[in-house]
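Q: Quick one: the structure is below, questions incoming.
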Amino acid sequence: MTILLIYIALFVGSFFAVKAVGNFLTAKSDFTSLKTVTFGDESAVRANRAASVMSIVAIFLIWGAFTGSSLVPIHAPGPFIGDTTFTYTATADGQSDEGTVRVIVHPVADKPEAPEMAPGDGFAKDDIALIGAWRSGLIRVDQNDELGRDAGAVVTAVNGTAIEPDGRVQVDNGVVNMTRRGTLNFTPYRGWQMEPVWLPSPETVFWRLVELSRDGYQNFRLLEHLGWSLLRVVAGFILGALVGIPLGYAMGLSDWFRGWFDPIVEFMRPVPPLALIPLVIIWAGIGEPGKIILLFLAALWIMTIAARAGVSGVKITKVHAAYSLGASKWQVMRHVIIPNSLPEIFTGARVAMGVCWGTVVAAELVAAEKGAGMMIMVASRFQLTDIVITGIILIGVIGYGIDILMRQAENFLVPWKGRA
Amino acid sequence: MTGLAIDDISMRFELPKGGSVQALKNVSLDLKPGELMSVLGPSGCGKTTLLNIVAGFLAPTEGKVVLNGETVVGPAAERGMVFQQGALFEWMSVRDNVGFGPKMKGMAPGEKREIVDHLLDVTGLGDFKEKAIYELSGGMQQRVALARCLANDPDVILMDEPLGALDALTREKMQGLVLKLWRETGKTIILITHSVEEALLLGERLLVMAPRPGRIHKEYRLPFADMGVNADLREVKKHEDYNPTREEILSMIWNMEEEIMGRSETSA
Ligand SMILES: Nc1ncnc2c1ncn2[C@@H]1O[C@H](COP(=O)(O)OP(=O)(O)OP(=O)(O)O)[C@@H](O)[C@H]1O
Ligand SMILES: [Mg+2]
């Protein structure tokens, strides 16, 4: 919640900052900048590059600030680490005595030796406890007392404040709770930062990435994991396109094909490929054939529908024109229908690649020996959150890269798209 | 027997929800080779339908179209068509668009190139041969369409409002171009238009059609097209017969439109 508010504040704040400072920096005098109607003209809205950069910076800033990163100058308050003490008052047989509890709150990763300590006087002896940051711990203060719980002693106060079972007392650097059975439980102050097992700091992730690319993970090099995922996607996609595009053309050109395959395509289209994973595993196992069949199915329907839409999207006047210029059926197909459907097919291919990439990761999450999804799944079992996050970032970057490549290919191969 | 014969054609569209539309009824017409005929008529009187039947895209419910002694059964290269817009192939350059017909015939590249270059020069597109279609203005695109049709050397050219989407000035220039090409190539041309002026200027023969059912209402034989071949079209409009004929046709169509409006008002 706080993070969300900070994020909104950054969004609004940087907007005003940039508008105030940098207007002259971004001023361009091309055609779009001369448009006076921009609100409502989608084509006049271009991403503000400053905003994009600041958006990325903001994410890293917040990420760093809440994980105690050394890259970020300001930090959210961290958890308490160090020594703290509180006193407790034990009462037995009408007499009371006070004891001191020293708590050493240490980073979870390195637990120190408990130091020796003089027990102090009175029947309530002093105690010492080790508690990890972000954790809490029961402290049996009566354990070493002369009159323990078995002798009828009860803790009645903490730091002089009366406490009852289920009660709580705020002490320095934390909170003392009393359980229903009368044991004290100390929770050190947690601060606002995230624990590394939930969210590691950016530099941890970065160094993990370096380490992964050097040493690999789970018997395979990092590039092998990613490469295998990509290879599966490309193989599945190509197979899907090889079958789907001709099928889509056939459905767009022949009533028999349309009639025969319509029910199948319309039925399979809304079935998410993820729902097919169990069936494909039963049929083909968890090996490569199973994965490629799954991705083939994921790409197939999308490409079929795209090709069919490409055929039905051809303007009838173009077909008529071609026939009255003396083209045969095959020539109409070759010179009119196929080129005319290319933009649709490219749109379909982009969607299909995106879906395939998502599906391969999901399939690897379920079962795989190598692959990006397998990497993050195994890492999550060992609570290696930094590997999980590294993997997610890599998956995102690759997915984005695929889309950019497809768009480049599209601009190159079908320059007339959207301009007819 | 040469020329185009439209022989007692009727066309009835069965509507999917039942009922039918009589788009054409007993239309007969003969065109000699080299004749230029313009067709006028209120919207919905079946002009496009007639042209589509001649082109072979539609089969008439009755009657037949005969070109040079052969009955028309489908589209073919001897009947070229110029559409209002959007019929060019965006994935080809201007040159490839114009060369499409010859290429389909399997003409040798050298010969094809000669034809294409010649036509692009004639239509004033010499500097745009390698451009993409979407880089051209509307008027240029229509010139490409015209050149593409001519490159195929058809016997009959069918034009459905070829200049309808152009501005007045461009349109006037294109009218001159059509006349010039007609005279130079000697093609038989049927040209549908909504503009009475255009019909007068570009019609050796002018056909006025009437709606519901679509039929031939009246036919004129006009001298203006011949005059226009070698003169400024604005001069032609000053001819003493021009304005009276124009007024006559305008009021004729106006009355038809009135009648339609009145009819649909009473039926509504
Ligand atoms: N495919 C079709 N199905 C049903 N009715 C049709 C079809 N095509 C045309 N019509 C009907 O036939 C009649 C003639 O249509 P057509 O398109 O030939 O008119 P038009 O004279 O070209 O009109 P405009 O000048 O507006 O282009 C109209 O009433 C139209 O509704
Ligand atoms: Mg029409």
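Q: Roll a 1.4 Å probe over the protein chains and send me the accessible area per residue for chain A in Å². Please report the intermediate quantities before stating the final value.
A: Working: 23320 Å² over 420 residues.
Per residue, chain A has an accessible area of 56 Å².
Q: Write down Rg/Rh for region A:203-413, rounded to two decimals, with Rg from the C-alpha atoms and Rh from the Kirkwood relation over Cα pairs. Don't skip to the answer; put the middle values down first.
A: Details: Rg = 20.4 Å, Rh = 18.8 Å.
Expressed as Rg/Rh, it is 1.09.
Q: Residues of region B:145-188 with amide nitrogen under 13 Å from the 7 Å Cα-to-Cβ point of B:Thr2?
A: Only B:155-156, B:186-188 fall inside the zone, counting backbone N under 13 Å.
Q: Continuing with this model, one more query. Amide H neighbours of B:Lys131 under 5 Å, at least 5 residues apart or on other chains, H built in the peptide plane: list them.
A: Here the answer is B:Val94, B:Arg95, since their amide H atoms fall under 5 Å of that of B:Lys131.
Q: Right, next: Please sort B:100-113, B:200-213, B:133-146 by packing, taking for each peptide the average over its residues of neighbouring beta carbons within 10 angstrom, highest first. All intermediate terms of the calculation are to be shown ahead of the outcome.
A: Details: B:100-113: 15.9, B:200-213: 22.1, B:133-146: 19.6.
Going by the mean number of other Cβ atoms within 10 Å, highest first, we get B:200-213, B:133-146, B:100-113.
Q: Give the peptides A:291-299, B:51-59 in descending order of average Cβ contacts within 10 Å, highest first.
A: Working: A:291-299: 24.7, B:51-59: 20.0.
Result, highest mean Cβ count within 10 Å first: A:291-299, B:51-59.
Q: Right, something else. Would you work out what percent of the accessible area of the protein assembly as shown, with all protein chains in place, is carbon or sulfur (probe 1.4 Å)?
A: On the way: 21150 of 35530 Å².
Whole-percent figure for carbon plus sulfur exposure: 60.
Q: Within the set of other residues whose C-beta is less than 14 Å from the C-beta of A:Lys370, count the net charge using Lys and Arg as +1 and Asp and Glu as -1.
A: On the way: positive: A:Arg221, A:Arg232, A:Lys291; negative: A:Glu224, A:Glu288, A:Glu364, A:Glu369.
Overall, the nearby charge balance is -1.
Q: Moving on. Would you calculate the separation in nanometres between label points at A:Phe60 and B:Val66, each defined as 7 Å from the Cα along the Cα-to-beta-carbon direction?
A: 8.4 nm
Q: Among the lysines, which have Cα under 26 Å from the Cα of B:Lys25 when same-chain residues fewer than 8 positions away are ignored?
A: B:Lys17, B:Lys47, B:Lys64, B:Lys218
Q: May I ask you to list the lysines whose Cα is less than 26 Å away from that of A:Lys417, ignoring any residue fewer than eight positions away on the same chain?
A: A:Lys35, A:Lys315, A:Lys318, A:Lys329, B:Lys103, B:Lys129, B:Lys131
Q: Shifting gears a bit: What is the spin-label model distance, in nm, from A:Trp283 to A:Leu71 if the labels are put 7 Å beyond Cα along the C-beta direction?
A: 4.4 nm
Q: Around A:Trp134, under 11 Å between beta carbons, what's the net of Lys plus Arg minus Asp minus Glu among the other residues? Intermediate values should be presented prior to the final figure.
A: Numbers: positive: A:Arg135, A:Arg190; negative: A:Glu195.
Around A:Trp134, the charge tally is +1.
Q: Could I have the simple spin-label model distance between A:Glu146 and A:Ile316, label points 7 Å from Cα toward Cβ, reported in nm to one decimal?
A: That separation, rounded to one decimal, is 10.7 nm.
Q: Could I ask something else about it? Taking a cut-off of 29 Å, what percent of all Cα-Cα pairs in chain B are separated by more than that? Walk me through the numbers on the way to the answer.
A: Numbers: 12235 of 35778 pairs.
Result for the distance tail: 34 percent.
Q: B:Lys238: which aspartates and glutamates have alpha carbons under 18 Å from its alpha carbon, excluding same-chain residues fewer than 8 sequence positions away?
A: Hits, sequence-local ones excluded: B:Glu172, B:Glu197, B:Glu198, B:Glu204, B:Asp226, B:Glu247, B:Glu248.
Q: As a test of the definition: with a 1.4 Å probe, what buried accessible area, both sides summed, do you compute for A against B, in Å² to the nearest 100?
A: Values: alone 24300 and 13180 Å², together 35530 Å².
Chains A and B together bury approximately 2000 Å².
Q: To continue, here is another question. For peptide A:111-121, how many partner chain Cβ atoms fall within 10 Å of a residue's Cβ, on average? All intermediate terms of the calculation are to be shown ahead of the outcome.
A: Numbers: counts 0, 0, 0, 0, 0, 0, 0, 0, 0, 0, 0.
So the per-residue partner count for this stretch is 0.
Q: Across the residues of A:313-320, average count of Cβ atoms on other protein chains within 10 Å? Mind showing how you got there, number by number?
A: Numbers: counts 0, 0, 3, 2, 9, 6, 3, 8.
Counting Cβ atoms of other protein chains within 10 Å of each residue's Cβ and averaging gives 4.
Q: Which of the DSSP-defined H helices in chain A satisfy a minimum axial length of 27 Å, computed from C-alpha atoms, and a minimum mean Kyte-Doolittle hydropathy of 0.5?
A: Working: long enough: A:2-21 (28 Å, 2.21); A:222-253 (46 Å, 1.49); A:288-312 (36 Å, 1.38); A:338-366 (40 Å, 1.02); A:385-413 (42 Å, 1.24).
What comes out of the filter, once short or polar helices are dropped, is A:2-21, A:222-253, A:288-312, A:338-366, A:385-413.
Q: In peptide A:335-346, what is the residue-averaged number of other protein chain Cβ atoms found within 10 Å of each Cβ?
A: Numbers: counts 7, 3, 0, 1, 4, 3, 0, 1, 2, 0, 0, 0.
That average works out to 2.
Q: Also: Would you mind pulling out the separation of the Cα centroids of region B:91-113 and region A:51-65, in Å?
A: 56 Å
The values are calculated or read from the model by the stated rules, or taken from the named source; none is laboratory data. What you are looking at is a predicted structure, and each value in this text was computed from that prediction instead of being measured. A quick note on method: Cβ atoms are made from the backbone with ideal geometry, for glycine too, and the neighbour counts reach across all protein chains shown. To get the accessible areas, we keep the full protein, side chains included, count just its heavy atoms, and leave off ligands, DNA and RNA. Shrake-Rupley method; radii C 1.70, N 1.55, O 1.52, S 1.80 Å.
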